1. Normalised by the number of residues in region 33-119, what is the relative contact order in percent for Cα pairs under 8 Å and 6+ residues apart?
2. By average Cβ neighbour count within 10 Å, what is the ranking of 85-91, 7-13 from highest down?
3. Please report, in debye to the nearest 20, how large the charge dipole of region 7-174 is about its Cα centre when each Lys and Arg carries +1 at its beta carbon and each Asp and Glu carries -1 there.
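Bear in mind these aren't lab numbers, they're just calculated from the coordinates by the rules spelled out. Note that the structure is predicted; figures quoted are calculated from it, not measured. We place every Cβ from the backbone using ideal geometry, glycine too, and count neighbours over all the protein chains shown.
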Amino acid sequence: MSEKLNPSLVRIEPWADSNLDLLRLINAPEMMEHLGGPETDEQILSRHKRYLEIGGRGTGRMFSIVLLPELEAVGSVGYWDSKWKEDRIYEIGWSILSPYQGRGIATAGVREAIISAAREHKHRYIHAFPSVNNPASNAVCRKLGFSLMHQCEFEYPPGNIMQCNNWRVDIDAAMGNGE
């Protein structure tokens, strides 16, 4: 395991045109193992466009995760409007490039994204649906105080059914009312 990073050296920045190369790196087979496999270049371009537009639609936010002081983009995190059962929620997802995993970067980036969601005062809960076979993402949820609701089937990408853990956190309670 790599040396843990000081969380103050991690920052999230709104998704930008310049993040297309980062998205292509995240699309590597080893990075997409728990998400149905790599996407085609056409799918990546479409995803990049959605990431650029989501904030302007008011349906969530996407960020690059950046290391300071170099301003090196090493991953992504985002949240978006979703519906789980009958509840309106935010869903959250993240990815950290392989050389940077195991250093606390995902935990720091996800914490910052939850703070951003709390500031919007739109939904009470944010859910994460990591594969039951993804110990690193499940560990991020535990570290950030998410409650494990249950295992469930989850479709991602469309046409691919995964066995996931449904983690949930009360955004305001977890982040001190977003302050």
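1. The normalised contact order for region 33-119 reaches 19 percent.
2. Working: 85-91: 14.4, 7-13: 16.3.
For the peptides 85-91, 7-13, the packing ranking is 7-13, 85-91.
3. It comes to approximately 520 debye.
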